[in-house]
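The values are calculated or read from the model by the stated rules, or taken from the named source; none is laboratory data. Keep in mind it's a predicted model, so treat the numbers as computed, not measured. All Cβ positions, even for glycine, are placed from backbone atoms using ideal geometry, and neighbour counts span all protein chains on display.
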Amino acid sequence: MRAKGSGGVYRFGDCEPDFDRGEVPWGGTHVDITALEFRLLSVFIRRRGRLLTRRQLLDAAWGADTFITDRVVDTHVFNLRKKVEPVPARPRFLYSVRGMGYRFDG
């Protein structure tokens with residue numbers, strides 16, 4: 001993890017989420033990201049390099065008492081990938097692990 005300033009900024013590729021300010025600058029512009037997508041990105045960064053199941057992501061981003069389907073996780077990860085990957089169809093950071101979940105290697 002490469003931090004800048006107060007330590008609240010993380011960088012991967014051209015993306016620099018700032019957790020102190022709640023912003024996601026990417027390539028000189030700001031990414032329009034929802035609060036839920038920001039929570040998901042935060043979970044992925046804190047647990048980078050590890051496989052996260054859909055249930056783990058649900059618990060971490062939505063809360064353990066939330067009753068939604070796994071497909072909701074897939075949809076939000078898909079939307080997040082479109083915002084933080086240079087070429088979403090060929091991810092460099094946020095990978096799907098077929099039948100298991102997702103892994104962030106940023």
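The single condition among (1) among the small types (Gly, Ala, Ser); (2) under 17 Å from residue 100 (Cα atoms); (3) buried (at least 16 other Cβ atoms within 10 Å of the Cβ) that residue 61 does not satisfy is (2). Does the range 56-68 include one or more residues that are in contact with a Cys (Cβ under 9 Å, 6 or more places away or on another chain) and of a type in the set (A, V, I, L, M)? No, that holds for no residue. Against the criterion of being outside any loop (DSSP other than H, G, I, E, B), among the basic types (Lys, Arg) and modelled with pLDDT of 85 or more, residue 103 qualifies.
For the range 31-57, a residue qualifies if it is over 13 Å from the mean Cα position of the chain (by Cα) and without any contact (Cβ under 8 Å) to a residue 24 or more places away in the chain, and exactly one does: 55. Can you find a residue that is surrounded by 17 or more Cβ atoms within 10 Å (Cβ to Cβ), modelled with pLDDT under 90 and not aromatic (Phe, Trp, Tyr) anywhere in the range 38-55? No - not one qualifying residue is present in the range 38-55.
Restricted to the range 42-96, and to residues there that are aliphatic (A, V, I, L, M) and part of a loop (DSSP other than H, G, I, E, B), the residue that is nearest to residue 14 (Cα to Cα) is 87. Against the conditions (1) surrounded by fewer than 18 Cβ atoms within 10 Å (Cβ to Cβ); (2) of a type in the set (Val, Ile, Thr); (3) assigned to a loop (DSSP other than H, G, I, E, B), residue 33 satisfies every one except (1). Against the definition (over 11 Å from the mean Cα position of the chain (by Cα), small (Gly, Ala, Ser) and more than 21 Å from residue 105 (Cβ to Cβ)), how does residue 28 come out, yes or no? So residue 28 fits the description; yes.
Looking across the range 40-87, just one residue is of a type in the set (Gly, Ala, Ser), touching a helix residue (DSSP H, G or I) at 6+ places or on another chain (Cβ under 7 Å) and under 26 Å from residue 27 (Cβ atoms), and that is 61.
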